[in-house]
Amino acid sequence: MPTISLTVNGQPVTEEVDAPTLLVKFLREQLKLTGTHVGCDTSQCGACVVHVNGEAVKSCTMLAVQADGAEILTIESLANNGTLHPMQQAFHDKHALQCGFCTPGMVMASIALVRDNPDPSEDDVRQGLEGNLCRCTGYQNIVQAVRAGAKNMRD
Amino acid sequence: MYDFRYHRPATISEAVDLFRQCDDGQYLAGGQTLIPVMKQRLASPSDLIDLARIDELKDISATESAITIGGMTTHAAIAASSEVRSRLAALADLASGIGDPHVRNRGTLGGSIANNDPTADYPAAIVALGATIITDRRRIEGDAFFTNIFETALEEGELIRAVEFPIPERAAYAKFPNPASRYAIAGVMVSKFADIVRVAVTGAGPFVFRVPDMEAALARDFSPEAIEKLQIPAGDLNADLHASPAYRAHLVSILAKRAVQAAKE
Ligand SMILES: Cc1cc2nc3c(=O)[nH]c(=O)nc-3n(C[C@H](O)[C@H](O)[C@H](O)COP(=O)(O)OP(=O)(O)OC[C@H]3O[C@@H](n4cnc5c(N)ncnc54)[C@H](O)[C@@H]3O)c2cc1C
Ligand code: FES
Ligand code: FES
């Protein structure tokens, strides 16, 4: 079995994995980081988005062995001693979730988006979240939350 | 997903040698097509040869007349490259419209063209720009590369090193995306060089094709009006739940005009 060494949420990790293990399965089942969700098997929903070396990636469409040596950030990395990340706080404030299933991926995708574009327009947000599906909210409040979160992150 | 052996070569020759030694090997690039296909058990390679650590496959380099882009360059890197943006904006635009940001962060030029999905975007650029595919063993003209639906001129184990794109005087890409996947229901790239105009269509047929009537009309007069009355035959175009052949034929005319207009601006 291949052995991989990587950093997950700042912690060094060395683990054995089967070659076919997807990154999302490794995170959820081997490391018990169940904040990252699986919403589809067609690489379309974005519930599984994490950051790999700073880039938003669908962790259901990457093998754990491909992440050998990488730095991974998951939704669990964001809150600090119970204080929400400004983007999480904005999702809370703007009521940008209902069932919450899409939220971890939405928040991780939004943070990556805002890092590249600190003051996104409504259109920029809709384009930037093209790879994240929400079955509940109708997106309206998510778009508002991302713009508010961007402002929180600038301040 | 079925089990397989995973390899991570550091050089092109090591990758090609590994392929030869495997029963049923397959190269892995960004995995944005291959991994979903393996998850569905539609592919079950005995070995995956991951190209991600081969640095020479990720270069973007330019000369006076061409830009050469390594096979493992991601869509995001092509969209963000200042070299590509300033000298071949049509290609940067095309790359920035593929799928979604997460797919663009992983998916690669080489993986996309090796796969030759009928609705992929890059084939339009390869053919419209008269690009050359550089492999581990030879150079393949863009016009001869895409041979059928999901089929290319690549031999067993042949590895795409890079693609060389000649720089046109003008070019633009116009696409009508599938609203769910963003793949092209139809996409048209138009280019104008000193001696030739090319019009390449993706998404509409089984694989990318050129439209000689439009090319001739645009060579005489490079304007949307020049192709106003030209309609391609619907006969051989794709039919699926998203669009009928007649609708795709109509889209091709509209998109070609939009691309010419954008190329002129
Ligand atoms: C949700 C979603 C939306 C998408 N939307 C679009 C879109 O709008 N437009 C579009 O064009 N594409 C789209 N794609 C596809 C995406 O662009 C993929 O990146 C591309 O099809 C495959 O590239 P890859 O690097 O991921 O290759 P992989 O999946 O790793 O490989 C694909 C195939 O190419 C072979 N291969 C890879 N690299 C090489 C090489 N250097 N030499 C020889 N063979 C090689 C592999 O063996 C495999 O058979 C989408 C994908 C997803 C999941
Ligand atoms: S689980 Fe749906 S894209 Fe990853
Ligand atoms: S809040 Fe339920 S899927 Fe988005």
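The values are calculated or read from the model by the stated rules, or taken from the named source; none is laboratory data. Predicted model, so just to flag it, every value in this text is computed and none were measured. For neighbour counting, all protein chains shown are included, and Cβ atoms are generated from backbone atoms with ideal geometry for every residue, glycine included. Accessible surface is based on the protein model in full, side chains and every heavy atom, while ligands, DNA and RNA are left aside. Shrake-Rupley method; radii C 1.70, N 1.55, O 1.52, S 1.80 Å.
Quick look at the values:
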item	result
Protein accessible area in the stretch B:1-50, 1.4 Å probe - carbon and sulfur %	44 percent
Contact order relative to length of the stretch A:3-77, as percent, for alpha carbon pairs under 8 angstrom and 6 or more apart	41 percent
Note, ³J(HN,Hα) from phi for the stretch B:210-224, Karplus 6.51, -1.76, 1.60, rounded to Hz, x at Gly and Pro	9, 10, x, 4, 5, 4, 5, 5, 6, 5, 6, 8, 7, 8, x
Residues B:Ser61 and A:Asp41, FRET efficiency given R0 of 51 Å [Cβ-Cβ distance, rounded to 0.05]	0.85
Pairwise burial B:A, computed as accessible area of each alone minus the pair, summed, 1.4 Å, Å²	2100 Å²
Shape parameters for the stretch A:86-154, alpha-carbon atoms, Rg then Dmax in Å	10.3, 29
Solvent-accessible heavy-atom area per residue, rounded to whole Å², over chain A at 1.4 Å	46 Å²
Among A:Thr103, A:Thr61, A:Thr74: highest mean-square fluctuation, GNM of chain A, C-alpha pairs under 10 Å	A:Thr61
Size-normalised alpha-carbon gyration radius of the protein assembly as shown, reference 2.2 N^0.38 Å	1.01
Table column - 3J(HN,Hα) (Hz), the stretch B:61-77, Karplus curve with 6.51, -1.76, 1.60, x for Gly and Pro	9, 9, 10, 3, 10, 8, 10, 10, 10, x, x, 8, 6, 6, 4, 5, 5
Total formal charge among the other residues, if their Cβ is under 10 angstrom from that of A:Thr34, Lys/Arg +1 and Asp/Glu -1	0
Descending semi-axes in Å of chain B, equivalent ellipsoid built from Cα gyration tensor	31, 21, 15
Whole-number percent relative contact order across chain A, with pairs defined as alpha carbons under 8 Å at least 6 apart	25 percent
Partner chain coverage, peptide A:56-68 - average Cβ within 10 angstrom	6
Net charge, B:Gly31 excluded, C-beta distance under 12 Å - Lys, Arg +1, Asp, Glu -1	+2
Within chain B, longest stretch clear of exposed trypsin sites (Lys or Arg not before Pro) (DSSP loop, no more than 13 other Cβ within 10 Å)	B:42-136
Mean separation of Cα contacts under 8 Å (6+ apart) over length of the stretch A:86-154, as relative contact order %	56 percent
Crossing angle, helix A:103-116 versus chain A [Cα axis fit, 0-90 degrees, rounded to tens]	80 degrees
Cα coordinate range in the stretch B:1-50, projected on the principal axes (Å, largest first)	31, 21, 11
Ellipsoid semi-axes in whole angstrom, largest first, where each is sqrt(5λ) of the Cα gyration tensor of the stretch B:122-250	24, 21, 12
Accessible surface of the stretch B:170-264, 1.4 Å probe, proportion on carbon and sulfur as whole %	55 percent
Centroid-to-centroid separation of the stretch B:186-243 and the stretch A:73-107 [C-alpha atoms, Å]	46 Å
